[in-house]
1. Report yes if Ser83 is in contact with a His (Cβ under 9 Å, 6 or more places away or on another chain), among the hydroxyl-bearing types (Ser, Thr, Tyr) and more than 13 Å from ligand 2 (Cβ to nearest atom), otherwise no.
2. So which helices (runs of 4 or more DSSP H) are wholly in the range 55-124 and hold at least 1 residues that are within 16 Å of ligand 1 (Cβ to nearest atom), within 16 Å of the chain's Cα centre (by Cα) and closer than 18 Å to Cys139 by Cα?
3. Restricting attention to strands (runs of 3 or more DSSP E) lying wholly within the range 1-54, give those where 1 or more residues are polar (S, T, N, Q).
4. Return the residues of the range 125-140 that are under 13 Å from the mean Cα position of the chain (by Cα) and more than 15 Å from ligand 2 (Cβ to nearest atom); say none if nothing qualifies.
Amino acid sequence: MRVEMKINGRAVSAEVEPRLLLVHFIRDVAGLKGTNIGCDTTSCGACTVLLEGRSVKSCTLLAAQADGASVTTIEGLAPDGASDPSSLHPVQRAFHEHHGLQCGYCTPGMVMAVTSLIAEAEEPLDEAAVREGLEGNLCRCTGYHNIVEAALAAAREAGVAAGPAASEAEGGRP
Ligand code: FES
Ligand code: FES
């Protein structure tokens, strides 16, 4: 069957097996390898992308279910970010500045999930809301503290964070 979608603003169209997962369409058809596969069973969130602006685990959807839709992957957040760090997306910059990654495998999915969490926030985000919002994204390296710090910093920059930075509340400890 033919499936066509916009990925990061670029039209991508291909004949695919009806059972092809969206994550494989993104990685193997569109050639965008920034979206990782950690489990294939909806558990880890490494494959998180934005579908019509909302975060989804792209291993839980068939490519056919995204036919005609608009998808954003990590590569679409800051197209020039790899060559020009000053053009990183604010969430990417917050992860960098707050050391929100170690091996980096979960990071594209985490960044997309945080981006969606901030965009969809109906009330100011605090630490509990961030932790709850990221429940579906697993990280085996960081212990989550710095990921949450990064998410809150990005939320502050977007004007949707509750309260002061944790480091400020703790007397400026980084
Ligand atoms: S690869 Fe999709 S949730 Fe783990
Ligand atoms: S930084 Fe290694 S899995 Fe999260």
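Coordinate-derived values only; no laboratory data. Keep in mind that what you see is a predicted model, and the values were worked out from it rather than measured. Glycine gets a Cβ as well: all are built from the backbone with ideal geometry, and neighbour counts include every protein chain shown.
1. no
2. 74-77, 107-120
3. 10-15, 48-51
4. Gly133, the sole residue that qualifies.
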